[in-house]
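What follows draws every value from the coordinates through simple rules; no lab data is involved. Since the model is a prediction, treat every value here as computed from it, not as a measurement. In this analysis, Cβ positions are derived from the backbone assuming ideal geometry, glycine residues included, and neighbour counts consider all displayed protein chains.
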Ligand code: C5P
């Protein structure tokens, strides 16, 4: 079954807050992105409950460890029943291959996506940790490495989507935050794109938080976005 185009970022700290938000979301139409903040508060059983309700889940835990540990971690994620899981490409190709090989042993395996360079990192900060290339060069290098290791795609900004699709091909999936419908606030996002422009640029899955989660009626915003992207 095709995965939803929109994953709602559940940036919540408590189970109650997350439950309240999820109760306003349509299970068949959007997925849920669960990151470190919520997962550390609620754990795998809560995530499994959302899967059982019919939600597609992107488990955004950005694993980065020795190959054996990451292979086991993504296997545990697959057992919860999530559809997307991610690792840091900077963990290296052996780590990424180990994770992919582990998932290949599983019947219904999630998409394995790489995080390349955190958008919070400037070129100066990259230099501090010994990386002399620009953030853009590093994104391209790590995306290529992820593809060679057999990963299904990368997390990237919508601005990088056209370049990455042309370098890496249309089947390499792009998962993208920083999406803002035309009439909504940018919040603290610096480089934003509308859902329709992002899809046009080749983005496969959009992670959208505040425009949906802070809305008085999240379901209406979701309907409008889905209409705008022709879903
Ligand atoms: O509320 P908003 O739509 O800005 O939420 C975007 C989500 O995507 C948040 O969970 C944020 O942490 C995440 N994210 C991001 N930019 C990145 C990576 C992740 O906004 N580069």
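Hey, could you check segment 197-212 for residues that are near the ligand (Cβ under 10 Å from one of its atoms) and in a strand (DSSP E or B) and say which is nearest to residue 231 (Cα to Cα)?
Checked segment 197-212; the qualifying residue nearest to residue 231 (Cα to Cα) is 206.
Which of the following residues is touching a residue at least 60 places away in the same chain (Cβ under 8 Å) and more than 15 Å from the ligand (Cβ to nearest atom): 173, 165? Going through 173, 165 in turn, just one is touching a residue at least 60 places away in the same chain (Cβ under 8 Å) and more than 15 Å from the ligand (Cβ to nearest atom): 173.
Taking the criterion of being outside any helix (DSSP H, G or I) and crowded, with 21+ Cβ neighbours inside 10 Å, the residues of segment 132-151 that qualify are 149, 151.
Checking the conditions here, which among 118, 126 is surrounded by fewer than 17 Cβ atoms within 10 Å (Cβ to Cβ), within 23 Å of residue 167 (Cβ to Cβ) and without any contact (Cβ under 8 Å) to a residue 24 or more places away in the chain? Going through 118, 126 in turn, the sole match is 118.
Any residue at all in segment 174-196 that's in a helix (DSSP H, G or I), surrounded by 15 or more Cβ atoms within 10 Å (Cβ to Cβ) and touching a helix residue (DSSP H, G or I) at 6+ places or on another chain (Cβ under 8 Å)?
Within segment 174-196, the subset in a helix (DSSP H, G or I) is 195-196.
Retained after the next criterion (residues that are surrounded by 15 or more Cβ atoms within 10 Å (Cβ to Cβ)): 195-196.
Still in the running and touching a helix residue (DSSP H, G or I) at 6+ places or on another chain (Cβ under 8 Å): 195-196.
Yes, the conditions are met somewhere in segment 174-196.
If you check 127, 149, 182, 215 for being within 14 Å of the ligand (Cβ to nearest atom) and over 18 Å from the mean Cα position of the chain (by Cα), only one passes: 215.
Mind telling me which of the residues 179, 229 ends up being under 21 Å from residue 25 (Cα atoms), in contact with a strand residue (DSSP E or B) (Cβ under 9 Å, 6 or more places away or on another chain) and touching a residue at least 40 places away in the same chain (Cβ under 8 Å)?
Working: 179 fails: touching a residue at least 40 places away in the same chain (Cβ under 8 Å).
229 is the lone residue from the list that is under 21 Å from residue 25 (Cα atoms), in contact with a strand residue (DSSP E or B) (Cβ under 9 Å, 6 or more places away or on another chain) and touching a residue at least 40 places away in the same chain (Cβ under 8 Å).
Select from segment 20-51 the residues that are farther than 18 Å from residue 87 by Cα and without any contact (Cβ under 8 Å) to a residue 24 or more places away in the chain and write down the one among them that is nearest to the ligand (Cβ to nearest atom). The extreme case among them is 20.
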